[in-house]
Every structure is written in C-alpha cells, then in structure tokens.
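Asker: A single structure is presented below for examination.
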Amino acid sequence: MAKQLQARRLDGIDKNPWVELTKLASDYGSVNLGQGFPDFAPPDFAVEAFQRALSEDYMLNQYTKAFGYPPLTKILASFFGKLLGQEIHPLKNVLVTVGAYGALFTAFQALVDEGDEVIIIEPFFDCYEPMTLMAGGCPVFVPLKLRPSQDGGLDSSKNWQLDPTELASKFTSRTKALVLNTPNNPLGKVFSRAELELVASLCQQHDVVCISDEVYQWLVFDGNQHVSIASLPGMWHRTLTIGSAGKTFSATGWKVGWVLGPDHLVKHLHTVHQNSVYHCPTQAQAAVALSLEREQQHFGQPSSYFVQLPEVTQHKRDHMIRSLQSVGLRPIIPQGSYFLIADISDFKSKMPNLPGATNEAYDSRFVKWMCRNKGLAAIPVSIFYSGPHQKLFDHYVRFCFIKDEATLQAMDEKLQKWKAELTP
Ligand code: PMP
Ligand code: GLN
C-alpha cells in the first residue's frame, strides 16, 4: 500500500476561502469588495521610507537580528510601551513576524499542545480554527449574539454581544488560550472596556493566555475607543498583542507583523521563530521602523496617519452603507475595521434556490451569484463560523470598504443597475 503523504494535521483544512474567492472575483472582473486590502497607495511617508530602505544602506539587503531589525523592535517597544502603560524590552518582549498571520501561527505553535482547548469568539477571522487544529488543539466556539435594535433602524456591531454565562461555561481546566479580535473581522465590533474586563477576569480566574489580534486598532469610528486588553490590570503577563504593518500603513503586501508580550510567553514564540522562519525581510522592517518613528512624532495630531485614516475610512463606510441599502442589502454598522456585514435574509426568502452544491451554504451561493450576475465580489460570512454554526449564519455577506473613490463609484454603478432590474 502506498504511503500516505499528507500529514494528519492537514485533515479537513485543505480548502481555503481566500484562494477560491479571490480567483472568482478576478475571473469575472467584478468590483472587488471581497478580500480586505486598500486599493490606493500607502501614505507618502511610508512609500518614501521603503524607498530609503532600498537605496540608503546596502546592508539592509542582508540578514538582520532573528527576532526583528533592531530599530523596529526599539520603536515597537517605545511606541506600544506608552500605549499599553508597560515597560517593553525590545529584545525580550517583541517578535517581528511575517505579517500578523505569522504572529498568530507562531503563537499557536508555541503555546497550544495536543488536547489543549482554545476559546474562539464567533464570528472569527477564519485562520484561528485551522491554526488551533494544526497545533493539535481543540477549538471551542462561543458566539456573539445579536440583540436587534428596537427602533427598526440599522443594527450596529455593538448590538452583537457575548453572553457572560455562556462565555464562562466554555472555560475548563484544559483551556489554554482565548483568541480575542478587536476591532473584529468580519463584524467590525469594537469590544468595550466592560466586555474586555469580563474576558480578562475569566482568563485570570482560569489561568488562560489571551491572544489578542488588534490589527485594525487604528480603524475605529464614531468616537469609539480601541482598548488593548493587555493594558487592563493583571493582563500584560498573560496577553500576546498582535499587530500588522499591512493594516497600519495600508500596505498589506509588506507582510510585516509583530507580537508584544511578557518574557515568559514571548521566549517560546522566539523558539518557534528561530526554528522556522528565523528572520523576516530586512528592508520591509526598516520601512516600518521609519514609518512608526514618523507616527510617533505626529502622534495625536491632525497630521498623523492614525488620525487621518479612520476619518477617511469612516466616509467610505458611510458611502457603502447608503449604497447597499438601495437593493435591499441591510448593513450592520461596524464600529471599526474595514469591513461590514450585510443581512441578505430578504434575498434568502425571495430567491431560495440559487445555483450551487446541495450542501453549500446560502451566503456562499449568493456571493457567487452576485459576482457572476451583478459584478460585485464579497465574502460569505459563514466562513467566519465553525461548521455546526455555519447554517445558522448563512444570511450575511461581508463587504470591504477601504477602497478608492473610483472603486466605490464602480460599486454604485453596479448597484444602480441592479436596482433598475428590481423595479418593474
Ligand atoms: N488578523 C486579522 C483579523 C486579519 O483580518 C488579518 C488579515 N490581513 C490578519 C490577522 C493577517 O494580517 P497580515 O496581512 O499582516 O498577515
Ligand atoms: N484579512 C484579509 C481579509 O479578511 C485578507 C485575508 C486573506 O487574504 N487571507 O480579507
């Protein structure tokens, strides 16, 4: 009998929605509101920083320190040290990774053992589940529940809340970690301080590590505040805070991410990193270091990109919210991130039999139909749920609004045409 080539850890995780859906969007040439990336240039200072990194010091073409280019670990430590109210040591408390994906993967590999349970809040950025499984862990899901607004208006991501009793019931003696994502992808929920305090107290009570994915921390709207759970009392020493230069500087192709945390956790991530990736591209790290140094100088001022980006993005969000409603898509207003989810229940009742495989979730059939027939690409929200919950949440689709004005106009044209087809 032939040897089985595929390692068992890959069982059930061979399909990836991003690979499939990104291809679909390009095959049909539709307006791509699916995969999350800005389709406009990063800020000038960041592009210039990359150009300097390429041209000024030829040694930036070579390896640097395994756990991060020193000026980058230094600025990450000082910048986030102030934000988190924590003394951060550039060598002991920081790891630079290949994007936030790299940070997450390293964290799961470093901490999660065979049989360990990892609590994941639904809907969740889809890679948390396969990363838990690849480490041998067991994902335990807890859903955010929608408490619809009573006034008949649009719901906000704020109305999606954790049930404290249900959350508490998920913690067992085998719980190793809880994954938090605020602002959340795909919903755009920004967890309030009170919600974070609940999560923090349960993590402390059960001696659980919090893996806090904060890649959208600067993308917060309507005066909402991003709170890092590591800044809450007693949480620094049990939290890994993950960030991404791709989201921070609208440069997702740079693939520079980082993890900040206490020595006794980060040292295990260093072990994974030195035996896997070892080192991330030096020039991209240098560009991020220069960009963060610039942001530190402008911090809190109108000239800061971290002030400007959410303002501009909020307009794009509002534009999309207005437009989608014209054809009967009902957006949930996101407090943060660059995504919103829209309710497609009306379509589900009026057009229940869209083409697709018999066991395919409705939202997945819907996005394929919309891509082919209406020229708009989006992401089915069921991919952000665990298998057993997918059917319960197959009446939402996710749209990305961090797009150039021309793209948003192209979206409007597609929606106007769609609207005209609806009106007899
Ligand atoms: N976390 C979340 C919540 C994300 O949406 C993404 C997508 N980019 C990542 C992590 C990965 O970030 P990066 O592109 O820096 O690897
Ligand atoms: N984080 C981005 C999103 O949610 C990209 C994910 C990916 O391409 N794998 O759209």
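The values are calculated or read from the model by the stated rules, or taken from the named source; none is laboratory data. Just so it is clear, the model here is predicted, and its values are computed rather than measured. In this analysis, Cβ positions are derived from the backbone assuming ideal geometry, glycine residues included, and neighbour counts consider all displayed protein chains.
Asker: Which one of these does MET351 not meet: (1) over 30 Å from ALA53 (Cα atoms); (2) surrounded by 15 or more Cβ atoms within 10 Å (Cβ to Cβ); (3) not acidic (Asp, Glu)?
Answerer: Unmet for MET351, out of (1) over 30 Å from ALA53 (Cα atoms); (2) surrounded by 15 or more Cβ atoms within 10 Å (Cβ to Cβ); (3) not acidic (Asp, Glu): (2).
Asker: If a residue must be in a loop (DSSP other than H, G, I, E, B) and either within 16 Å of ligand 1 (Cβ to nearest atom) or touching a helix residue (DSSP H, G or I) at 6+ places or on another chain (Cβ under 7 Å) (or both), how many such residues does the range 1-54 contain?
Answerer: 14
Asker: What pairs come out if I take residues in the range 206-222 that are closer than 11 Å to ALA100 by Cβ and pair them with residues that are within 11 Å of ligand 1 (Cβ to nearest atom) and of a type in the set (D, E, K, R) whose C-beta lies under 8 Å away, six or more apart or interchain?
Answerer: From residues that are closer than 11 Å to ALA100 by Cβ, the pairs are VAL215/LYS247; TYR216/LYS247.
Asker: May I ask you to list the residues in the range 249-302 that are assigned to a loop (DSSP other than H, G, I, E, B), of a type in the set (A, V, I, L, M, F, W, C) and within 16 Å of ligand 1 (Cβ to nearest atom)?
Answerer: PHE249, ALA251, VAL277, CYS280
Asker: Condition check: among the hydrophobic types (A, V, I, L, M, F, W, C), under 23 Å from GLY261 (Cβ atoms) and within 16 Å of ligand 2 (Cβ to nearest atom). Does ALA107 satisfy that?
Answerer: no
Asker: Of the residues that sit in the range 171-192 and are of a type in the set (D, E, K, R) and touching a residue at least 60 places away in the same chain (Cβ under 8 Å), which one is surrounded by the most Cβ atoms within 10 Å (Cβ to Cβ)?
Answerer: The selected residue is LYS189.
Asker: Further question: Among the residues of the range 55-91, count how many are aliphatic (A, V, I, L, M), out of contact with any Leu (no Cβ under 6 Å at 6 or more places or on another chain) and not in a loop (DSSP other than H, G, I, E, B).
Answerer: 7
Asker: Right, next: Can you list the helices (runs of 4 or more DSSP H) lying wholly within the range 92-189 that have 1 or more residues being modelled with pLDDT under 95 and away from ligand 1 (no atom under 16 Å from the Cβ)?
Answerer: none
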